Amino acid sequence: MRMKADIELDAGARTFAAGLLPELIAALRRSRPGDLLAIISGEASVGADLEAWCRFTRNTLIDTSVEADRTRWVIRYGEAPANADTDRPVGSRLWLYTNFDCNLRCDYCCVRSSPKAPRRALGLARVERIASEAAELGVSEIFVTGGEPFLLADIGEILAACADAAPTTVLTNGMLFAGRRLETLRSLPKNRVTLQISLDSPTPERHDRHRGKGSWARAWKGIERARAEGFRVRLAATVVSDDEAEEFRRFLDAQHFGEENRVIRRVALRGSATEGVALARADLVPEITITAEGVYWHPVGAEDADLLVTPEIFPLAESFAAVARAFERESEHRRRLATIFNCA
């Protein structure tokens, strides 16, 4: 899907050495922080120059695509919002995408999950090996997500294997806790498994607009069920503004969800989303993420080529090392920018 930009700039035959740079600067002067600017050119040299220019100016190259022998680069004006978790050691948290199919079709899903999405299951055998090797690598938290993990018949065994290795959080829409799935839920170790359930607003209107009619009521029923069963429940809201975030905080205060049991995040311009915060690899502290296709930089782009680190999952120590090496390369760019203008 073509990433929408606020400004489209056709560079023609111009390059950074021949007229493109002043036009690029003029376009950014008409922009606001966070706006997206697309540059289209048939000149291959523009890509390398644009990437270097972005690093020096603290703008960010977000997307690159080829259309009819011409390349389209999308940059974000300004830096991404500050990340509050920059001090977390890389590799301390591990994310597993157990599947990509879902009973909902959320219009901003960062990995395009839906009832028609291929399952692309990670599988119990691989999860068991990942969990075993993760424990040896000192992983302190495991996050299981999808798709909707509770669609899987073996999700109980998957979560038990993860919880045996480290405290585990499963991200779910909370709508499937009935019948055999409720029995599966009850079989899990409550002291090792947290349920992170998506709820985007204090009332159904906004939540249902993004996730489907009736989904708020079913999610709230799942929240109440999980709490009644004795599980720790964390609520996660996806919002588009500070006002929505503040409204949800007040709701969580009234419902007695403490700070440790709430996640409020902005829509990311990934997957199905047509608006939101545009994020590149350089904006994200890596949180090692594993899918059936390989090892990714971060769960927010776990099917996007720009965040794929390696298609090889095992041995897990080597895939962790590959992420660490990539992070070191990103950090080296930042260190160079920090010292290049020294005057003495």
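The values are calculated or read from the model by the stated rules, or taken from the named source; none is laboratory data. Given the structure is predicted, the values throughout are model-derived calculations rather than measurements. Counting neighbours? That spans all protein chains shown, and the Cβs are built from the backbone with ideal geometry, glycine included. For the accessible areas, the whole protein counts, side chains as well, though only heavy atoms, and no ligand, DNA or RNA atoms are used. Shrake-Rupley method; radii C 1.70, N 1.55, O 1.52, S 1.80 Å.
How high is the relative contact order of the range 172-323? Use alpha-carbon pairs under 8 Å, at least six apart in sequence, and give a whole percent.
So the answer I get is 15 percent.
Assuming a viscosity of 1.002 mPa s and a temperature of 20 °C, what translational diffusion coefficient in µm² per second does Stokes-Einstein assign to the range 214-258, Rh being the Kirkwood radius over Cα pairs?
184 µm²/s
Only four residue types carry charge here, +1 at the Cβ of Lys and Arg and -1 at the Cβ of Asp and Glu. Report the dipole size of the range 203-344 about the Cα centre in Debye, rounded to the nearest 20.
My answer is approximately 320 debye.
Could you give log10 I(q)/I(0) at q = 0.27 Å⁻¹ for the range 169-228, computed by the Debye formula over C-alpha point scatterers of equal weight, without solvent?
Evaluating at q = 0.27 Å⁻¹ gives log10 I(q)/I(0) of -1.13.
Using Cα-Cα distances under 8 Å and only pairs 6 or more residues apart, what relative contact order does the chain have, in percent?
Taking the mean separation of contacting Cα pairs over the length of the chain, I get 15 percent.
Using Cα pairs under 8 angstrom and six or more residues apart, how large is the relative contact order of the range 48-152, in percent?
26 percent
Of T98, S132, A254, whose Cα points farthest to the positive end of the dipole of the chain (charges on the beta-carbon: +1 Lys, Arg; -1 Asp, Glu; origin at the Cα centre)?
Highest projection toward the positive end goes to A254.
To the nearest 20 Debye, how big is the dipole of the range 95-216 about its Cα centre, given +1 on the beta carbon of each Lys and Arg and -1 on that of each Asp and Glu?
That gives the range 95-216 a dipole magnitude of about 440 debye.
Heavy atoms only, 1.4 Å probe, whole protein assembly: order F16, F177 by accessible area, highest first.
Sorted by accessible area, descending: F16, F177.
So what are the radius of gyration and Dmax for the Cα set of the range 1-131, in Å?
Computed over the Cα atoms of the range 1-131, radius of gyration and Dmax are 19.5, 56 Å.
How much mean residue ellipticity at 222 nm does the chain get from its helices, if each DSSP H run of length 4 or more adds -39500 (n - 2.57) and you divide by all residues, to the nearest 500 deg cm²/dmol?
It comes out at -10500 deg cm²/dmol, rounded to the nearest 500.
What percentages, rounded to whole numbers, describe P(r) for the range 68-196 computed over all alpha carbon pairs with 10 Å bin width beginning at zero?
Answer for the range 68-196: a P(r) of 12, 36, 30, 16, 6, 1 percent.
What does the net charge come to around F16 if you take all other residues with beta carbon closer than 13 Å to its beta carbon, with K and R at +1 and D and E at -1?
-3
Treating cross-link reach as a plain straight distance, find the lysines whose alpha-carbon is under 23 Å from the alpha-carbon of K221, omitting any fewer than eight places away in the same chain.
Within reach: K190, K213.
Please compute the Cα-Cα pair-distance distribution of the range 138-280 with 5 Å bins starting at 0, giving whole percents from short to long.
Each 5 Å bin holds this share of Cα pairs: 2, 9, 18, 22, 19, 15, 10, 3, 0.
Using the Cα centre of the chain as the reference point, and only Cβ charges (+1 on K/R, -1 on D/E), how large is the resulting charge dipole? Debye, rounded to the nearest 20.
For the chain, the charge dipole is close to 680 debye.
May I ask you to list the aspartates and glutamates whose Cα is less than 14 Å away from that of K4, ignoring any residue fewer than eight positions away on the same chain?
D35, D63, E275
I'd like to know how the range 248-337 sits against the 2.2 N^0.38 Å rule of thumb: what's its Cα Rg over that expected value?
Against the compact-globule rule of thumb, the ratio is 1.35.
Determine the equivalent ellipsoid of the chain by diagonalising the alpha-carbon gyration tensor, then write out the semi-axes as square roots of 5 times the eigenvalues, largest first, rounded to whole Å.
Square roots of five times the eigenvalues give 38, 23, 19 Å.
Order F320, F248, most accessible first, counting only protein heavy atoms with a 1.4 angstrom probe. Write out the running numbers ahead of the final one.
Numbers: F320 25, F248 0 Å².
The ranking, largest first, comes out as F320, F248.
For the full complex of protein chains and a 1.4 angstrom probe, list K221, K116, K190 by accessible area with the highest value first.
K116, K221, K190
Can you tell which of V170, A302, A317 lies farthest toward the positive end of the dipole of the chain, using +1 and -1 charges on the Cβ of basic and acidic side chains (Lys, Arg; Asp, Glu)?
Of the options given, the answer is V170.
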